[in-house]
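*Asks:* Before I ask anything, here is the structure I am working with.
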Amino acid sequence: MTKKEKRDHVLARLDELYGTEKEGFYHNADWQLLAAIMLSAQSTDKQVDEALPGLFGRFHTAKEVAEADVEEIESYIRSVGLYKNKAKNLKKCCEQIWKEYGGKVPDTLEEVLKLAGVGRKTGTLFLADAYGTPGVTVDTHVFRISHRLGWAKGKNPVETEAELMKALPVDHWNRINFQLIYLGRSVCTARRARCEECPLAEWCEKKLERKS
Ligand code: SF4
């Protein structure tokens, strides 16, 4: 079987297992979606879901967040990790959205990355969810599993992102992140690759190496 055939089997299996659409965070405006993705770093989806109704019930526009006290923003997001830092970033980021972009989050990676608290991972995910912009988001799960599958060799997320953009068809870029997160939380975990129960085993380089 060629490398491309193996990759296509893996992609089809991931679509079957986890679907092609991710369940997104609750939001009514683009700045709220960006805020939800920022809050999700180093936090579980459950922690973020707990915080959002209160936060977005109080703040309807980026201007309202920009004008609020950091302590008040903190009070709505205590359920998420690093909430003090995130509250500060959220205020600053909303100030930028309000003053520099008229209340609308910009739609290019270059500009989104200028916003406070927005790194490459958050920016790529936001653009994919908000505007359908194709992009591969390399988090710890995507990095680890793409190396184990034999799709990437890059030493860091940026190199791996470039390799995956070459290795994968563009219509899979946006969904590969959540699909590999699901696999990485259950089967191909950081502590142990459970190859014996993995639905991708017959097409995986690491599994094949172990056999040889
Ligand atoms: S076969 Fe093993 S290494 Fe490969 S993806 Fe599955 S669990 Fe991970």
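*Asks:* Here are the criteria: (1) loosely packed, with under 14 Cβ neighbours inside 10 Å; (2) assigned to a helix (DSSP H, G or I); (3) not β-branched (Val, Ile, Thr). Tell me which single one residue 60 does not satisfy.
*Replies:* The number of the failed condition is (2).
*Asks:* In addition: Kindly indicate the residue of region 143-159 that is more than 15 Å from the ligand (Cβ to nearest atom) and surrounded by 14 or more Cβ atoms within 10 Å (Cβ to Cβ) and also nearest to residue 3 (Cα to Cα) among those meeting that condition.
*Replies:* Top of the filtered list is 154.
*Asks:* Which residue is surrounded by the most Cβ atoms within 10 Å (Cβ to Cβ), if the candidates are limited to region 7-52 and must be part of a loop (DSSP other than H, G, I, E, B) and among the aliphatic types (A, V, I, L, M)?
*Replies:* Going through the qualifying residues, I end up with 41.
*Asks:* Scan region 133-142 for residues that are away from the ligand (no atom under 15 Å from the Cβ), within 22 Å of residue 191 (Cβ to Cβ) and surrounded by fewer than 19 Cβ atoms within 10 Å (Cβ to Cβ) and jot them down.
*Replies:* Once the filter is applied, which keeps residues that are away from the ligand (no atom under 15 Å from the Cβ), within 22 Å of residue 191 (Cβ to Cβ) and surrounded by fewer than 19 Cβ atoms within 10 Å (Cβ to Cβ), region 133-142 yields only 139.
*Asks:* Pick out the one residue from 84, 166, 121 that is part of a helix (DSSP H, G or I) and under 19 Å from residue 14 (Cβ atoms).
*Replies:* Unique residue meeting the criteria: 166.
*Asks:* Name the residue that is nearest to residue 42 (Cα to Cα), counting only residues in region 161-212 that are within 15 Å of the ligand (Cβ to nearest atom) and acidic (Asp, Glu).
*Replies:* Residue satisfying both the conditions and the ranking: 197.
*Asks:* Has region 124-132 got any residue that is of a type in the set (Phe, Trp, Tyr), away from the ligand (no atom under 16 Å from the Cβ) and within 19 Å of the chain's Cα centre (by Cα)?
*Replies:* Yes, because at least one residue in region 124-132 is of a type in the set (Phe, Trp, Tyr), away from the ligand (no atom under 16 Å from the Cβ) and within 19 Å of the chain's Cα centre (by Cα).
*Asks:* From the list 87, 116, which one is surrounded by fewer than 17 Cβ atoms within 10 Å (Cβ to Cβ), out of contact with any Ser or Thr (no Cβ under 8 Å at 6 or more places or on another chain), modelled with pLDDT of 95 or more and on the phi < 0 side of the Ramachandran plot? Spell out how you get there, then give the answer.
*Replies:* Numbers: 87 fails: surrounded by fewer than 17 Cβ atoms within 10 Å (Cβ to Cβ).
Only one candidate passes the filter, namely 116.
The values are calculated or read from the model by the stated rules, or taken from the named source; none is laboratory data. The structure presented is a predicted model; accordingly, all values stated were derived computationally and were not measured. Cβ sites come from the backbone with ideal geometry, for glycine too, and all protein chains shown count toward neighbours.
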